[in-house]
Amino acid sequence: MESASGCICRVLLFPTEFYPMAQPTAQEQYMLELVNRARLDPTAEAVLYGIDLNQGLLSGTISAAQKQPLAFNPNLIGSARDHSQWMLDTDTFSHTGAGGSSAGDRMAEAGYAFTGSWTWGENIAWRGTTGTPNVTTSVGSQHESLFKSSGHRRNMLNGSFREIGIGALTGEFSGYNAVMTTQNFAKSGSKVFLTGVAFDDGVIDDDFYTVGEGLGGITITATRQSDGATVQTSTYGSGGYQVALAPGTYEVAFSGSGLNQTIRQTVTIGSQNLKLDLATDQLPTPATNPSPNPALSDLAPESPALTTIGEYGNVTLNHQWQTVILDKTYSNPVVIVSDPTRNGGDPATTRLRNVSGDSFQIRLQEPNYKDGNHTNEQVSYMVVEAGDWQLSDGTQLSAGTTSSNRLTSAGFDSVNLAGFDAAPTVLSQVQTYNGSDWVITRVKDRAPTGFNFGLQEEEALNQGSHVSEAVGWLAIAAGVANDGDTLLQSQTTGRRYASDRATVAFNANFDAAPSLIAKLGSFYGADTANLRLDSIGKASFGVRVAEEQSLDAELNHTQESVVFLALEGQSGILSGLAA
């Protein structure tokens, strides 16, 4: 997000907008009503979707206070639709658009004038099906997914924004019949808006706008009481409207287009937008947002229905055990954790214990020959429900657990896979702490039908066997993918990484540093080793293969491949279908 500040002259009364008149569809209006419902009562929206308001964020990042409602801006509608169409046309899911443009670039190009104090933001989402997409249920599901995602939720509940454009378009995307949606948020200058929607509540009697209930062509006249100055607009076909008003007290009249009476309401415009709805089954209408909120059952997802299959996040840890509380509850969770950063020079790996349906414990472990104390490091983690899954773009994903006590010096165990057309990206992790000796996993012989793995203790002890441990694994089709809301990339690199620091580049076009789970992806060198990471950015990350010195002093390791899974943002959920 970008921002700037400045000074412009104060205007007492703004005339009717003369932007190019892009009008929202009923589905785009419905999405705006959902967004404004969330802004009216952020805590209630979080409760509705079963999350904490600041889930995935620092405490207090989003306040529970009511946020001003957003008003449609035709130019922002145009920029949002243009970007949605570009993503469909190019089969690209990214905030970076045509010609390398940012969302702010596209808003300005569409005619939105950034003046005075301004700011902007953007959310994007898509949802696909092999059948005919239901746009209404798709945008409802997209709203839920965006609200549950911490970064998107911050945009949605940013109190500085005043205007919005939504572009929800249909087309082919990644082999699916898709609904591609862009939300462009902005604030420019000092304009304040009266906004709302006129509807008859005749499709679903729930005191909330539903597609098919909008009343178009109703005239809205705002008359300022201090001097009689008036400004007039009319509702879109979707039922929505907005009008810029200078501060003051106004009589607002709704008339025409089938209304059997003129409805009047007095409102006071201050420094923030105000929402005034007309629900013709409940006249007169107070100047508040529609309430109560509809239940999730009213927003039934289209078939096939995506379900939450996992979540990811980041944690700072050291040698002390700490507990990670999960956002969801899982029946058979598989936890995969990245090899750590390299803030401390001593060897270190991650160990888990007490993996349960809603939490796990994690710490750093040094080899036995070290003192065991380690400075803070950062790791990303992924929790997946065990099973075979397919993301909305068709990407295959499988996860499971097995058990082993076999060290690499004694051989490898096998895991069978099904459903992959090529060798997948494979990540593995010891899930238990049955044995206190340092232990990691090594993977080799990846194929569409399976892979081999072994346990590895520090080199001086890597003979015989280790206490039997549960081992979790995750296999995902290699490449850039997304689940409809989250951009991700999984890859196994070529054999070109060793003890010297090197850089691994992302193919995915991330807007910021992603959550990164990276490990050794091969077994060309038998000495005990794992990865250490640094400089994780939006385009690449630094890596080196790190041995330990329990047996000898040398640290040189032969070239290995690196396996990684990068997911957009610092936390989020992953959705999919049972395969």
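The values are calculated or read from the model by the stated rules, or taken from the named source; none is laboratory data. Everything numeric in this text was worked out from a predicted model, so none of it was measured. Here the Cβ positions follow ideal geometry from the backbone for every residue, glycine too, while neighbour counts run over all protein chains shown.
Quick notes
- Residue within region 528-540 that is surrounded by 17 or more Cβ atoms within 10 Å (Cβ to Cβ) and among the charged types (D, E, K, R) present: yes
- Residue within region 423-433 that is surrounded by fewer than 17 Cβ atoms within 10 Å (Cβ to Cβ) and either under 30 Å from Gln320 (Cβ atoms) or not aromatic (Phe, Trp, Tyr) (or both) present: no
Residues checked against (1) modelled with pLDDT under 90; (2) surrounded by fewer than 24 Cβ atoms within 10 Å (Cβ to Cβ); (3) more than 15 Å from Arg37 (Cα to Cα):
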position	(1), (2), (3)
Asn177	no, yes, yes
Asn184	no, no, yes
Phe193	no, no, yes
Gly196	no, no, no
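- Residue that is farthest from Pro367 (Cα to Cα), among those in region 529-554 that are of a type in the set (D, E, K, R) and out of contact with any His (no Cβ under 7 Å at 6 or more places or on another chain): Lys538
- Among the residues of region 42-53, those that are part of a loop (DSSP other than H, G, I, E, B) and either in contact with a helix residue (DSSP H, G or I) (Cβ under 8 Å, 6 or more places away or on another chain) or surrounded by 19 or more Cβ atoms within 10 Å (Cβ to Cβ) (or both) comprise Tyr49, Ile51, Asp52, Leu53.
- Counting only residues that are among the small types (Gly, Ala, Ser) and not in a strand (DSSP E or B), region 137-172 holds 9 of them.
- The residue list Gly171, Gly216, Gly212, Gly159 contains one member that is closer than 25 Å to Asn482 by Cβ and out of contact with any Asp or Glu (no Cβ under 6 Å at 6 or more places or on another chain), which is Gly171.
- Any hit, region 480-488, residues being at pLDDT below 95 and surrounded by fewer than 16 Cβ atoms within 10 Å (Cβ to Cβ): no
- Residues considered: Ser79, Ser63. Of these, the only one that is part of a loop (DSSP other than H, G, I, E, B) and either within 27 Å of Phe208 (Cα to Cα) or among the small types (Gly, Ala, Ser) (or both) is Ser63.
- Hey, Thr558 in contact (Cβ under 8 Å) with a residue 12 or more places away in the chain, surrounded by fewer than 19 Cβ atoms within 10 Å (Cβ to Cβ) and hydroxyl-bearing (Ser, Thr, Tyr) or not: yes
- Single condition Arg162 does not satisfy, out of (1) surrounded by fewer than 19 Cβ atoms within 10 Å (Cβ to Cβ); (2) among the charged types (D, E, K, R); (3) at pLDDT 95 or above: (1)
- Identity of the residue in region 526-568, part of a loop (DSSP other than H, G, I, E, B) and within 26 Å of the chain's Cα centre (by Cα), that ends up farthest from Gly494 (Cα to Cα): Glu568
- Residue among Ser522, Ser571 that alone is buried (at least 18 other Cβ atoms within 10 Å of the Cβ) and either over 29 Å from the mean Cα position of the chain (by Cα) or under 18 Å from Thr441 (Cα atoms) (or both): Ser522
- Meets criteria (in the same structural domain as Gly196 (by TED's automatic domain parsing) and over 20 Å from the mean Cα position of the chain (by Cα)) for Thr96: no
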